[in-house]
Amino acid sequence: MTGHRHLFSPLRLGPLTVANRIVFSAHLTNYAEDGLPSEQHAAYYAARAAGGAGLIITEEHSTHVTDWPYEKLIHGYRPEAVPGYRRITEAVHAHGTPILAQLNHNGGQASSLYSRLPVWAPSPVPDPLFREVPKAVTTGEIAEIVAGYGTVAGHCADGGFDGVELQCSHSSIVRGFLSPATNLRTDAYGGSLENRTRILLEIVDAVREAVGPGRALGVRLCGDELIEGGTTIDEAVEIARRVEATGKVDYINTSIGVATSTLYMIEASMTVPPGYALFISNAIRRAVRLPVVGVGRIKDPVQAERALAEGHCDLIGVVRGQIADPDFAAKARAGQTPAIRTCLSCNQECVGRMGLNRWLGCIENPRAGRESVPLPPPGRRPQKVLVVGGGPAGLQAAATAAGRGHQVTLLERAPATGGQVATAASAAGRAEFLDVVRNLLAECHRNGVEIRTGTAVDADAVRAFAPDAVVVATGARPQPPHWAGSLERVVDVRDVLEGRVAPAAGERVLIVDELGFHQATSVAETLAERGCRVRISTPGMVVGQDLGITLDLETYSVRAHAKGIEHVTDQVVLAAHRQDGGGVTVDLLTHTTNAMAQETYDWVVCAVQQAPRDELWHALKNEPFAVHRAGDCLTPRRAHAAVVEGHRAGVAV
């Protein structure tokens, strides 16, 4: 047992007792199949139960046919969902962990694309993301909504859940009723707080009747919508008091932001400090006697213990941390906190994949979402494995192969492991990205991988090693764009971050963004902090457009404005010319208007595609031993591809 005294103390939630305070809170997964729970769900939640989570709350279950905001939503109002519920609850209960189902109707934060029915909401206020005017529900339809919650609660009870949670927070028709910004009604369900709270209390009554006294009932509230005219903490506290006064609710969960307007504050990226939303649970906890769940980018057990010890909450929601490492709780309890694969808060494969309508994964955990797919057993005879390259692909391959019983040696030509991840993490605001290397390096050490840095490798050296299998993970090299020629002041973002060039304070720098991700924006911030005058040019419609998928764009835009970083879109560089004195003149085309321009800069920094370092693989591909490629030496992509391919290679040897 560790010193996490608060974290690993039991707690009563109405009829339930949780063994510890770590909650795997509700979050979308896109694992549903034809609107029903899947084996993917069951294995995913069971892995976190096996890993020691005190309480699991599933993703939302839709309570009405009008609610279908995204394709792979669980349609909880369908009786056919019950067998899938039983598979989930039996898989989780096998580990002694209680599991609740979250119930929801997304209301106006939705689209009619899938349902082909009008979107329902308290008032005809269009959501800023979906931009569809909803239908204001009648009092009869409100009764239908309330009844729908009761129906789905009954299905969940039949399916073996230990209780349910009502999602009334960041994306919910109930939130729509609670918020003055979206509830413009003048009847008994609008106007005063008492009226705006009415539907929530009616739903509480209906759900408690459906599940009975032997199952837990929780309510998740938004403490601050962060929108003009929306719910703020004072009203949220009063709503919590009214919920408690029913005597029918066992705990209150918390949230911040609105899932469409201010989503970037709900699933905050690494630029937002850990614990940023604990002020909400703190305020509600001081107003009610019910247990309160706190949230807010809690990355490790130390942060979780501190939140509990300081009285901010009674339980702590850890979602991305347990996606990255299903054994988060068990490792913390066993005093193995350094062995936890800490979340990066990069949002690339969890939030980002969801935004692209793909099922949830994790940049660090290649098994996230694949728990239902068994791995092949390792071969009977341990292999002598050589991994060439110490970036994320090589480290993951080495850790996986060694964990499966093989004898693994990793060789890295640089003085330290990390590859391009180490480069990326050196940029302004990106330090936590290096956690992927720290975590993999620690796993390699635990699994007995021999790591040699500062060791260049050619084909003859590999042959002399006499391996049974080789994993080539040699990465990629910068590749200048065709227009760069041999101009020494047209450089790559890696040249800047790795220190080969150093634009000075006051110099004008043009950053050419053809990747639409952190490469251009992070180096822009780094140079702006050094005093350079920075402009980013992109052929796309938005600078750093993929930052919108990972919820980094909003916070980056604020910082960029404060640092004086200029953005120009729809612009293509056609040519570059050396200027007397060392500057660079570029010919620019605005492709939407065919307008041409010439501009002069001290430096041009390119965020463009790279070329694979695949020479070693070509030299070895016909050898008698098995040779695998992983990561950028196969073809340059982002870090998640390197980790997934490294894992595949480690399993394959």
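What follows is calculated from the coordinates using simple rules that are stated; it is not laboratory data. Small disclaimer: the values here were computed from a predicted structure and weren't measured. Here the Cβ positions follow ideal geometry from the backbone for every residue, glycine too, while neighbour counts run over all protein chains shown.
Per residue of the chain, what 222 nm ellipticity follows from adding -39500 (n - 2.57) for every DSSP H run with n ≥ 4, rounded to the nearest 500?
Details: 21 runs with 202 residues, N = 653.
Estimated from H runs of four or more residues: -9000 deg cm²/dmol.
Using a cut-off of 14 Å between beta-carbons, work out the net charge of the residues near E310 (Lys and Arg +1, Asp and Glu -1, E310 not included). Mind dumping the intermediate values first?
Working: positive: R5, R21, R285, R286, R306; negative: E305, D314.
In short, +3.
Gyration tensor analysis over the Cα atoms of region 330-383 returns equivalent ellipsoid semi-axes of 25, 20, 10 Å (largest first, whole Å).
For region 273-328, the pair-distance distribution built from all alpha carbon pairs, in bins 10 Å wide starting at 0, is 27, 53, 18, 2 percent.
Any idea what the relative contact order of region 494-586 is, in percent, if you count C-alpha pairs under 8 Å spaced at least 6 apart? List each step's numbers first, then the result.
Values: 144 pairs, mean separation 23.6, N = 93.
Rounded, it is 25 percent for region 494-586.
Treating each Cα of region 1-89 as one equal point scatterer and applying the Debye formula with no solvent, the log10 of I(q)/I(0) at q = 0.16, 0.21, 0.23, 0.25 Å⁻¹ comes out as -0.71, -1.01, -1.11, -1.22.
On a straight-distance basis, which lysines could pair with K331 in a cross-link, Cα separation under 20 angstrom, same-chain partners fewer than 8 positions away excluded? Correct list for K331: K299. Relative to the first principal axis of the alpha-carbon coordinates of the chain, what is the inclination of helix 39-50, with its axis defined by its Cα atoms, in degrees from 0 to 90 and to the nearest 10? Roughly 90 degrees, rounded to the nearest 10.
Dividing the alpha-carbon radius of gyration of region 92-234 by 2.2 N^0.38 Å (N being the number of residues), what value is obtained? Please report the intermediate quantities before stating the final value.
Details: Rg = 15.6 Å, N = 143, 2.2 N^0.38 = 14.5 Å.
Relative to the rule-of-thumb radius for its length, region 92-234 sits at 1.08.
The charge dipole of the chain, taken about the Cα centre with unit charges on the Cβ atoms of Lys, Arg (+1) and Asp, Glu (-1), comes to about 1520 debye, rounded to the nearest 20.
Taking chymotrypsin sites (Phe, Trp or Tyr not before Pro) as exposed when their DSSP state is a loop state and no more than 16 other Cβ atoms lie within 10 Å, the longest site-free interval of the chain runs over 277-653.
Less than 5 angstrom separates the built amide H of V258 from those of L263, all sequence-distant by 5 or more or on a different chain. Computed log10 I(q)/I(0) for region 611-653 at 0.23, 0.28, 0.30 Å⁻¹: -0.80, -1.01, -1.06, from the Debye equation with unit scatterers placed on every C-alpha and solvent omitted. Relative to the longest principal axis of the Cα atoms of the chain, the long axis of helix 198-211 makes an angle of roughly 90 degrees.
Hey, what's the Cα Rg ratio for region 339-452 versus the globular rule of thumb, 2.2 N^0.38 Å? Walk me through the intermediate numbers first.
Values: Rg = 15.1 Å, N = 114, 2.2 N^0.38 = 13.3 Å.
Compared with the compact-globule rule of thumb, region 339-452 sits at 1.14.
Under 23 Å of direct C-alpha separation, and excluding same-chain neighbours fewer than eight residues apart, K621 reaches these lysines: K384.
Put simply, region 74-161 fits an ellipsoid with semi-axes of 31, 14, 11 Å; these come from the alpha carbon gyration tensor as the roots of five times its eigenvalues, largest first. Farthest toward the positive end of the dipole of region 144-292, out of L290, A206, P274, is the Cα of L290, where the dipole comes from beta carbon charges about the Cα centre. Percent of C-alpha pairs per 10 Å bin in region 409-492, short distances first: 14, 35, 31, 16, 4.
Between R452 and A188, what is the FRET efficiency for a Förster distance of 51 Å, r being their Cβ-Cβ separation, to the nearest 0.05? Mind showing how you got there, number by number?
Values: r = 74 Å, r/R0 = 1.44.
Calculated value: 0.10.
Expressed in nm to one decimal, what extension gain is obtained for the pair A466 and L356 from 0.36 nm per residue of sequence separation less their Cα-Cα distance? Write out the running numbers ahead of the final one.
Working: separation 110, 0.36 × 110 = 39.60 nm, distance 4.40 nm.
The span from A466 to L356 would gain 35.2 nm if fully extended.
Where q = 0.11, 0.24 Å⁻¹, what log10 of I(q)/I(0) comes from the Debye formula for region 554-653, counting one point per Cα? Values, matching the q order: -0.65, -1.23.
When you have a sec, figure out the Kirkwood radius of region 11-355 from all distinct Cα pair distances and drop it here in Å to one decimal?
Values: mean 1/r = 0.0507 Å⁻¹.
Over region 11-355, the inverse of the mean reciprocal pair distance is 19.7 Å.
How long is the gain from V542 to T17 if the chain were fully straight, where each residue apart is worth 0.36 nm and the alpha carbon distance is subtracted? Don't skip to the answer; put the middle values down first.
Details: separation 525, 0.36 × 525 = 189.00 nm, distance 4.96 nm.
Length gained, V542 through T17: 184.0 nm.
Based on every Cα atom in region 157-287, Rg and the maximum pairwise Cα distance Dmax equal 14.9, 44 Å.
Based on the alpha-carbon gyration tensor of region 62-103, what equivalent-ellipsoid semi-axes (square roots of 5 times the eigenvalues) come out, in whole Å, largest first? Display every interim value, and only then the final one.
Working: eigenvalues 109, 22, 14 Å².
The three semi-axes for region 62-103 are 23, 10, 8 Å.
Compute the acute angle (0 to 90°) between the alpha-carbon long axis of helix 392-403 and the principal axis of greatest extent of the alpha-carbon atoms of the chain; round to the nearest 10°. With both axes taken from Cα atoms, the answer is about 70 degrees. On the basis of the beta-carbon distance and an R0 of 22 Å, A147 and I233 show a calculated FRET efficiency of 0.10. Please name which of A464, Q167, V608 has its Cα lying farthest along the dipole of the chain towards the positive end, using unit charges on Cβ (Lys, Arg +1; Asp, Glu -1) and the Cα centre as origin. Going by the charge dipole, the pick is A464.
Just need the relative contact order of the chain here, percent rounded to a whole number, with Cα pairs under 8 Å and 6+ apart. Reported relative contact order: 11 percent. Full extension of the chain between E310 and R367 yields a length gain of 17.1 nm, computed as 0.36 nm times the residue separation minus the alpha carbon distance.
So what is the orientation-averaged projected area of the chain, using the convex hull of its C-alpha atoms, in nm²?
Values: hull surface 122.5 nm².
So the Cα hull casts an average projection of 30.6 nm².
Take the Cβ atoms of Y276 and R131, set R0 to 22 Å, and the FRET efficiency comes out at 0.15. As a ratio to 2.2 N^0.38 Å, the alpha-carbon radius of gyration for region 482-607 is 0.99.
Summing Lys and Arg as +1 and Asp and Glu as -1 over all other residues whose Cβ lies under 12 Å from the Cβ of L193 gives a net charge of 0.
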